[in-house]
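First up is the structure itself, then whatever we jot down about it.
Throughout, read-outs are computed from the coordinates displayed, never taken from laboratory work. None of these values were measured; they are calculated from a predicted model. Here the Cβ positions follow ideal geometry from the backbone for every residue, glycine too, while neighbour counts run over all protein chains shown.
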Amino acid sequence: LGRGPAAPRPLQAPLWVSPGCRAAPGRFAYKLLHDLFANYSSALRPVEDTDRALNVTLKVTLAQIIDMDERNQVLTSYLWVRQTWLDAHLTWDKDEYGGIDSIRIPSSYVWRPDIILYNNADEHFGGSMETNVVLRSDGHITWDSPAITKSSCKVDVSYFPFDGQQCRLTFGSWTYNGNQIDLRNQLDTGDLTDFVENVEWEVLGMPATRNVITYGCCSEPYPDVTYTLLLRRRASFYIFNLLLPCIMVSFLAPLGFYLPADSGEKVSLGVTVLLALTVFQLLVAESMPPSESVPLIGKYYIATMTMITASTALTIFIMNVHHCGPGARPVPPWARRLILHHMARLCCVYEVGESCKSPQRAPGGRAAAGDVRAAGESPGEGQVGTEVRGCPWDHCLCHHDALLRNVGYIAGCFRRHRANQRRTGEWKKVAKVMDRFFMWVFFLMVFLMSVLVLGNAA
């Protein structure tokens with residue numbers, strides 16, 4: 001009985017060891033955390049030799065392109081930033097702490113390099129999220145933090161909407177120079193494995209380069225890592241909403257020359273097309289930065305608007321020619337030869353009843369002279385004159401003289417009326433030939449401008 005109290009010890013030992021083994025990692029983690037940060041300060045650079053630089057490795061993963069503001073030249077992107085460095089004051093023997101090889105602690109507990117985005121364009125200057133760091137037994141610290149960044153990007157819209165952009169993301173330390181922190185990139189390119197495709201931009205690549213720059217404020221070198229984001233715009237949206245409507249409206253402008261001059265809608269059609277293109281031009285100007293470089297689609301709009309303005313001015317001039325009154329001068333011989341003969345045949349403009357295959361009568365020839373005589377004389381007019389000239393004066397009665405004078409006056413008025421009609425008809429034909437000629441000229445101009453735009457885009 002005296003030995004009774006000592007007998008239960010072998011039975012109690014397994015009961016105490018079993019829960020102790022299960023609780024050992026937790027106790028060791030608390031003990032490790034207490035031992036590591038008992039005399040640790042996160043304000044000082046964690047190196048054993050202050051004259052040596054601390055190596056910091058940077059890796060950037062592009063997760064998403066949130067927005068590209070061309071007007072303000074700001075790129076908003078979602079990044080995962082990984083920084084790795086060695087903290088000489090946070091090492092331990094994992095065998096002494098239950099085999100713990102790594103722990104995850106708040107990033108505010110340890111020293112962190114002040115790596116920031118140099119070309120940050122955020123007014124609040126938001127940095128990385130305060131996430132945990134992974135601390136390993138050999139002192140290596142890995143800090144993964146997501147960040148939504150707004151970076152300045154020089155936007156070149158010369159070939160909008162078929163343009164490509166190069167946006168740079170430059171990371172570097174703000175206060176530590178190259179003799180204190182040696183910043184290097186882990187990979188030659190940014191990581192795009194987890195990138196979410198953007199509906200407007202296509203990412204062609206993200207090469208990374210390391211630069212060592214000496215700024216004017218300081219004599220020490222400052223290393224940085226620059227990621228160049230290569231973007232190409234997906235132009236389908238702009239083709240179907242801005243370019244194709246402009247091309248279709250542009251092809252309506254030459255049809256104003258095909259409208260009959262008496263319809264009264266020739267000038268109004270040109271003005272309507274001009275206003276439609278002005279609306280499209282304003283839509284493009286609202287989204288583009290106010291720079292000296294005019295986008296490609298803007299140049300196309302300006303060229304088309306200039307062409308439509310010229311076509312409207314020509315339409316007004318041609319309508320003035322068409323509505324020449326009876327008091328107009330006859331068509332000059334050079335215009336009769338150039339316009340009524342050569343250009344009319346080239347544009348297939350003929351009189352009513354004729355066609356492209358009918359023989360063309362030369363203006364001013366024999367047929368024309370015969371037409372003039374036929375147009376100037378009324379049926380039976382020559383016979384009346386012959387009878388008048390052949391009538392013996394001694395057989396004519398007194399009332400016949402007054403009748404003949406009235407008939408001669410009526411015949412002269414008829415001749416003048418037919419001559420005015422012929423002159424007015426010639427001017428109308430001149431206007432019609434010019435309408436057809438300029439219609440084909442402007443159709444060709446619209447086609448060539450569209451081909452040039454698509455060729456420059458390619």
Inset, instruction - Would you grab the residues whose amide H sits under 5 Å from the one on V74? Only those 5+ places off in sequence or on another chain, please, with H modelled 1.01 Å from N. - result: D69, C153
Legend entry - C217 paired with A88, simple spin-label distance in nm, labels 7 Å along Cα-to-beta-carbon: 2.8 nm
Legend entry - Pair-distance profile P(r), taking every C-alpha pair of region 59-189, with 5 angstrom steps and integer %: 2, 9, 16, 18, 17, 13, 9, 6, 4, 3, 2, 1, 0, 0
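In nm, what is the difference between 0.36 nm times the number of residues separating L448 and T228 and their Cα-Cα distance? Don't skip to the end; give the middle numbers.
Numbers: separation 220, 0.36 × 220 = 79.20 nm, distance 3.68 nm.
Gain in length upon complete extension: 75.5 nm.
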